[in-house]
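Every read-out reported here was derived from the displayed coordinates using simple, explicitly stated rules and does not represent laboratory data. Predicted, not measured: the structure shown is a model, and the values here were computed from it. Cβ placement follows ideal geometry from the backbone for every residue including glycine, while neighbour counts extend to all protein chains displayed.
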Amino acid sequence: MAAVSFSLQTTEASALERPLSAALRQVPRPGVGLFFSSGPQDRRAQAREVQRRLAGVPALLVHGVGVMTEQGEHEGQAAVAGLLASGLQPEPVWSDPDDEDAEETLGDRIEQAGGEGTLLLFLQQLPWASRVPRRLAQRFPGLVMLGGAGSDGPQGVVDRQGELHEGAAVGLLLRRGGPHITTAPGCRILGGWRTITESRESTLLRVDGEPALEVLSKAARSVEGRPQVLALLPPPESTLEQLQAAPLRGVRVRPIRGVDPGRKAVVLGEAVESGTPIAFAVLDGPAARHNLEAALREQARQTAGAAAHFGLYINCAGRGSQLYGTSNVDSKQIKARFPGLPAVGLMSSFEIAPGPGGVHFYTGVFGLFTAPS
């Protein structure tokens, strides 16, 4: 099994010819192609170049706000990052452009392809996009998803016949060879974990018996300036004791949508139930760096004994240089933990990874593809 990545700063689709030719010399029989682009691009022309060079190889063509490889990150500029890998036999799936029933169309194609495995899923940035992973998870409980939401234009996937399909949702279904996935929230916890004692849909009314807004205010009192304050929701069936032992393992970061001073309530972006643990947090560069390092270290420990094949990194657009104050922080950590590993990634508006609903925010999600040794 072989894999190779490349990146280049360009707006010209013809510029892909040279790195693609070089990649094909290193991986002459690729099973999959992953291509991420950012900035002003002629996406149709890029797709034609991929179709011409990779006849019969399924490939994703996704546009977002930034791209990366293990060599570095390109934020807010015209760039393309690509990866070819052998040893995989993915099944392309897609919906139609601007399809408000994308999860139904996509789900039907997933069902035709077997309905289980790992889905590399990428979405057009639309108001309803975040519901797609949730509804797919309801329809296919055993399906593992990894991906994100790119730009506001249709995303693309090339099938085995070399035909390009553009859609509000596109993906590659892997029946075998799925990755080991880890998540790293970009935040620092404030005040520890508590319990929701009263809620109404997405509105937190009381936490540990106190008005939710008062609890939030106390937690954020020590934070200087105007930080991005967030809510953390736990992995399924977690106890407070487990969360206190590993406060950020498997959590889902949620933005706080607003407050209701009259009811002293806090409004989240999704419904929550009484009895559920909750914590408040603040977006924080040093903590994000530490969290990713710890997550990658644990991932390397858990996959010891398997040969690393390649990596796929989905990084929130709210992280990167605007969070750290410098560039290439996450890509350097991936390269340091997995030296020599080809990797490719996208900066997205939200991330898709295992967990209830499948959607994460302000989180780095790394999928490590391995070959048994």
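Normalised by 2.2 N^0.38 Å, where N counts its residues, the alpha-carbon radius of gyration of segment 227-373 equals 1.13. If only the Cβ of Lys and Arg carry +1 and only the Cβ of Asp and Glu carry -1, the dipole of segment 147-218 around its Cα centre is close to 360 debye. Label positions at Tyr324 and Glu273, each projected 7 Å from the Cα along the C-beta direction, are separated by 3.9 nm. Please report the antiparallel percentage of the DSSP beta bridges confined to the chain, to the nearest 5. Bridges in the chain are about 80 percent antiparallel. The orientation-averaged shadow of the Cα convex hull for the chain, equal to a quarter of the hull surface, comes to 17.7 nm².
Could you check what % of the DSSP bridge pairs in segment 32-77 are antiparallel, to the nearest 5?
If we restrict to bridges inside segment 32-77, about 40 percent are antiparallel.
If packing is taken as the average count of other Cβ atoms within 10 Å, what order do 78-89, 227-238 fall into, highest mean first?
Values: 78-89: 22.4, 227-238: 17.4.
With the highest mean Cβ count within 10 Å placed first, the list reads 78-89, 227-238.
Backbone amide hydrogens, once placed in the peptide plane, bring Thr197 within less than 5 Å of Arg206, Val207, Asp208, Gly209, Gly275, excluding anything fewer than 5 places away on its chain. The residues packed around Arg319, meaning those with a beta-carbon under 13 Å from its beta-carbon, carry a net charge of -4 if Lys and Arg are +1 and Asp and Glu are -1. For the chain, excluding the exposed loop sites themselves (trypsin sites (Lys or Arg not before Pro), DSSP loop, at most 13 other Cβ atoms within 10 Å), the longest remaining stretch covers 1-159. Taking the three principal axes of the alpha carbon atoms in segment 297-347, the coordinate ranges are 37, 17, 17 Å, sorted in descending order. When the charge dipole of segment 187-283 is built from unit charges on Cβ atoms (+1 for Lys and Arg, -1 for Asp and Glu) and taken about the Cα centre, the candidate among Thr276, Thr197, Ser217 whose Cα reaches farthest toward its positive end is Ser217. For Gln112 and Ser21, the difference between the fully extended length at 0.36 nm per residue and the C-alpha to C-alpha distance is 29.4 nm.
A convex hull fitted to the Cα coordinates of segment 187-283 yields 88 cubic angstrom per residue.
Once you charge only the Cβ atoms, +1 for Lys and Arg and -1 for Asp and Glu, what is the size of the charge dipole of the chain about its Cα centre, to the nearest 20 debye?
Values: 36 positive and 38 negative charges, 209 e Å.
That gives a dipole near 1000 debye.
Other residues with beta-carbon under 12 Å from the beta-carbon of Asp284 carry, at +1 per Lys or Arg and -1 per Asp or Glu, a net charge of +2.
Once the dipole of the chain is set up with Lys and Arg at +1 and Asp and Glu at -1 on Cβ about the Cα centre, which of His360, Ser95, Pro339 lies farthest towards its positive end? Comparing the listed Cα positions along the dipole, Pro339 ranks first.
For segment 1-150, which semi-axes, largest first and in whole Å, follow from the square roots of 5 times the eigenvalues of its Cα gyration tensor?
Over the Cα atoms of segment 1-150, the semi-axes work out to 27, 19, 13 Å.
Where both bridge residues fall in segment 1-89, DSSP classifies roughly 75% of the beta bridges as antiparallel. Under a straight-distance cross-link criterion of Cα-Cα below 30 Å, which lysines are reachable from Lys264, leaving out those fewer than 8 residues away in the same chain? Those lysines meeting the cut-off are Lys218.
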